[in-house]
Amino acid sequence: MEILVVGGAGYIGSFVSRMLLAEGYRPTVLDNLSLGHRAALDPRIPLVTGDLADGGLLQRLFSDRRFDAVMHFAALASVAESVQAPLTYYRNNVANTLNLLAAMKNAGVARFIFSSSAAIFGTPERIPIDETHPARPINPYGRSKLMVEEILRDAAAAGDLQSVALRYFNAAGASPDGRMGEDHRCETHLIPLVLKAVLGGAKSGARLKVFGTDYPTPDGTCVRDYIHVSDLARAHLLAADYLSAGGASAAFNLGNGKGFSVMEVIRTAEKVTGRAVAFETADRRAGDPAVLVAAADRISRELGWQPAYPTLEAIIETAWKWHASHPDGYAASQTGPQD
Ligand code: UFG
């Protein structure tokens with residue numbers, strides 16, 4: 001199966017493109033390398049460097065190669081940044097996706113797998129969050145993802161395409177050999193920051209901030225559902241197979257179904273690393289819901305998805321291998337993790 005992986009040099013996209021290659025699919029990556037890393041890509045995977053805003057490039061790409069499906073990871077994904085720069089978010093996450101969908105339609109490519117987010121649900125009314133939970137996003141990032149889901153539903157109803165939207169909960173972890181992992185230009189995610197505090201805390205005095213200790217949760221800190229990046233990647237391959245077998249358009253929530261508080265993440269990281277995490281408590285971060293936990297029964301039932309890393313400890317172990325061996329991320333990798 002020929003698959004175009006848009007944003008395939010990013011954190012999740014790079015895991016998916018490698019898994020596709022390893023399992024006999026034929027991925028081509030389109031990435032503008034604004035946030036992705038060339039070093040994260042297997043050199044055997046063709047890379048087209050370019051942007052979804054470039055209609056001419058998309059037209060050429062789809063006429064040069066016949067794709068069976070498109071997976072779309074390229075998006076801006078910071079809630080706080082989306083509140084500061086909503087127009088940038090709607091342009092990147094919505095308008096650019098429309099360019100991609102239009103190019104697909106012109107080329108007669110009808111299968112689309114979309115990276116959606118738990119952020120479409122806003123402040124949850126009940127836990128765990130299944131697919132019948134109302135979608136009421138509370139920030140531009142979440143709205144941008146929901147807008148695309150709605151566009152996909154309309155396009156499916158018009159017979160233009162079949163799609164699967166995967167609503168990720170908290171993506172985390174790295175490859176078990178520690179050679180690929182999370183490397184964001186401006187890191188905001190808890191697990192990398194906890195591990196960076198372990199690594200750098202002693203010498204720089206950098207301390208992790210625990211945002212909020214007065215939430216209505218057992219220990220007062222926020223609870224999240226952490227899912228290993230390889231388990232997320234697996235869901236994309238299952239979705240591609242599902243669509244190619246004629247599956248109807250669908251949206252699935254994707255998490256482990258278990259919640260862990262910020263303090264539980266810190267304690268687990270201390271156990272895995274054998275070192276103390278230097279932290280201090282701070283005010284709540286704006287827009288953080290107290291608890292986000294997925295009900296992933298539907299994807300298990302309909303696509304046969306099962307996590308290979310169901311425990312927080314296993315997820316943090318892989319992340320620790322990566323951060324301990326790559327304190328500067330991919331910056332030090334000249335030729336990529338496969339060498
Ligand atoms: N946290 C801290 N200190 C930090 C960083 C995070 O206490 O330095 C806390 C946050 O307040 C939150 C939890 O750790 O309670 C997890 O935070 P992350 O930033 O790792 O993840 P989020 O749950 O905020 O974000 C995830 C996805 C987003 C998505 C969002 C939906 O990464 O893409 O869920 O709300 F939009």
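Bear in mind that the values in this text are calculations on the coordinates, not laboratory data. Quantities reported herein were computed from a predicted structural model and do not represent experimental measurements. Counting neighbours? That spans all protein chains shown, and the Cβs are built from the backbone with ideal geometry, glycine included.
A few remarks follow.
- Over the chain, relative contact order from alpha-carbon pairs under 8 Å, at least 6 apart, %: 20
- Modelled spin labels at E187 and A324, positioned 7 Å past Cα toward Cβ, are 1.5 nm from each other.
- In a DSSP loop and with at most 11 other Cβ atoms within 10 Å, the GluC sites (Glu not before Pro) in the stretch 1-100 are E23.
- Distance histogram in 20 Å bins (all Cα pairs of the chain, percent per bin): 32, 60, 8
- Relative contact order %, the stretch 67-149, counting alpha carbon pairs below 8 Å whose residues are six or more apart: 40
- Here is how the number arises for the chain: DSSP H runs of 4 or more residues each give -39500 (n - 2.57), the sum is divided by the residue count, and the result at 222 nm is -11500 deg cm²/dmol.
- For the stretch 88-118 and the stretch 248-275, distance of Cα centres in Å: 29
- Between N99 and R284, the modelled labels are 3.8 nm apart [label points 7 Å from Cα along Cα→Cβ].
- Spacing of the two label points (7 Å from each Cα toward its C-beta) at A53 and R207, in nm: 4.1
- Excluding the site residues themselves, the longest part of the chain lacking any trypsin sites (Lys or Arg not before Pro) in a DSSP loop with at most 11 other Cβ atoms within 10 Å is 186-339.
- Here the extension length gained between E23 and V83 equals 17.7 nm, from 0.36 nm per residue of separation less the Cα-Cα distance.
- Contact order, relative form, for the stretch 248-339: 39 percent (alpha carbon pairs under 8 Å, 6 or more residues apart, mean separation divided by residue count).
- Helices of the chain meeting both criteria, an alpha-carbon length of 18 angstrom or more along the long axis and an average Kyte-Doolittle score not below -0.5, with helices taken as full DSSP H segments, are 140-157, 190-204, 229-244, 312-325.
- Cα gyration tensor, the stretch 121-205 - rounded (a/c under 1.5), prolate or oblate: prolate
- Within the stretch 115-149, backbone nitrogen closer than 14 Å to the virtual label 7 Å beyond the Cα of R301 toward Cβ: 130-133
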